[in-house]
Amino acid sequence: MAAGDPLEPLLQGHPLSSGAVDLAVLAAGIGHAFARPELAVEALTHRSLLDRRPDLKAAYPNGNERLEFLGDRVLSLAMADLLLRRFPQSREGELARRHAELVQAATLAEIAAQAGLARHLMLGESERQAEGATGAVRPTILADAMEALLGAIFLDAGFPAAAACIERLWGERDRKSTRLNSSHIPLSRMPSSA
């Protein structure tokens, strides 16, 4: 990034706005320091902010949505690989159930919250008001931002770095799930094959 770039204050944690990204704190939360910090900014820029921030809209016309798309695929592949390594004797059905639980929005939102992503998200006024007095970010926004961040890590440092970050952030969730450790999962709770 060139000196004097309008996004530079966002990247360096300068007090440009309440949504500035402090890269050191972000790196501590997710376990990845960005070589290309503009990817972190893009991943944390929600579409609701773009109409009020022409500088960000010019740089990221879709907010974090494209990185979210990529991150979803990175997460899916990394999680499939992780499950195959951790459960070498498991059958496809059990692996599929584990995978579905570990990549669902609720799990992503939980991991994003534990990593402290909410404080870094750059949201528009409409989403800030939706947070209400509690200041809580909607779980769907947290989940989407987590996927976008994984896509950004993939572009920043490649698949091995993204997969390592996923393994670190997800920890032992695959082994601890009580639902997954039961021998019978009702058909109604099985992921669809659509």
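The values are calculated or read from the model by the stated rules, or taken from the named source; none is laboratory data. What you see is a predicted model; the values in this text were computed from it and never measured. Note: areas computed on protein heavy atoms with side chains; ligands, DNA, RNA excluded. Shrake-Rupley method; radii C 1.70, N 1.55, O 1.52, S 1.80 Å.
Which three extents, in whole angstrom, do the alpha-carbon atoms of segment 52-93 cover along their principal axes, largest first?
Its Cα atoms span 53, 15, 12 Å along the three principal axes.
For segment 139-155, take each phi angle, set θ = phi - 60°, evaluate the Karplus expression 6.51 cos²θ - 1.76 cosθ + 1.60, and give the result in whole Hz per residue in order, putting x for glycine and proline.
With the stated coefficients, segment 139-155 comes to x, 5, 5, 4, 4, 4, 5, 4, 4, 4, 5, 5, x, 5, 5, 4, 5 Hz.
Heavy-atom accessible area of ASP72 with all protein chains present, probe 1.4 Å, nearest 10 Å²?
60
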